[in-house]
Amino acid sequence: RGRNYKIKSTIVFTDQMQLLMTGLTAVTPDMSASPQDPSVFQIEGEPFGISGGVINIPPDYNGWVFDVAIDRDAQGNDHNPRFASTISNVIVKGYLHGQSDFSGIGYNCIRVKSWEEDDYTYFSVMENVDFYRPDTAIYLAGHPTSGMSNSWHWNNITVDWTMHGIVLNEKAAG
């Protein structure tokens, strides 16, 4: 049975966290409680998994839906590639049902970044994800001194009506 949830703060994923939602589950961030640089999901550890559900983005939300920053060095598995982390079967809708004016929508889909030098995200899978009306769909950024965001596997990603599709920061690698 489907449920509707209003998220009042960022959901933070650390090591080995999974979120499984049914297709009828809807999540909506609450803008009244959001910080300056909001995100719905902040991912800080691997492996992680987010699967299923619909994420409704209110018109005044200007943060990231998925903000991924893995501190790979601190986890002690720098050179152990694996496809263990996933974001799959998710629909992100940049409007609420019945809304006809999309002019104020400025949310961003996914940012993958490094925390510090020589950190990187490595071999993660994003599949069967639909982003509707984002400002930026995918933003890959590295640390100024050789941090990277690389080796992501993107499969069946739909981006509809975006202002900026895939953005590679000048420090991004991979």
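Taken together, the values in this text are just the output of simple stated rules run on the coordinates, not laboratory data. Every value quoted in this text rests on a predicted model; they were computed, and no experiment measured them. Cβ placement follows ideal geometry from the backbone for every residue including glycine, while neighbour counts extend to all protein chains displayed.
If we sort 48-61, 7-20 on the protection proxy, mean other Cβ atoms within 10 Å, highest first, what's the order?
In decreasing order of mean packing, 48-61, 7-20 become 48-61, 7-20.
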* With a point put 7 Å past each Cα toward its Cβ, work out how far LEU20 is from ASP130 in nm, to one decimal. => 2.3 nm
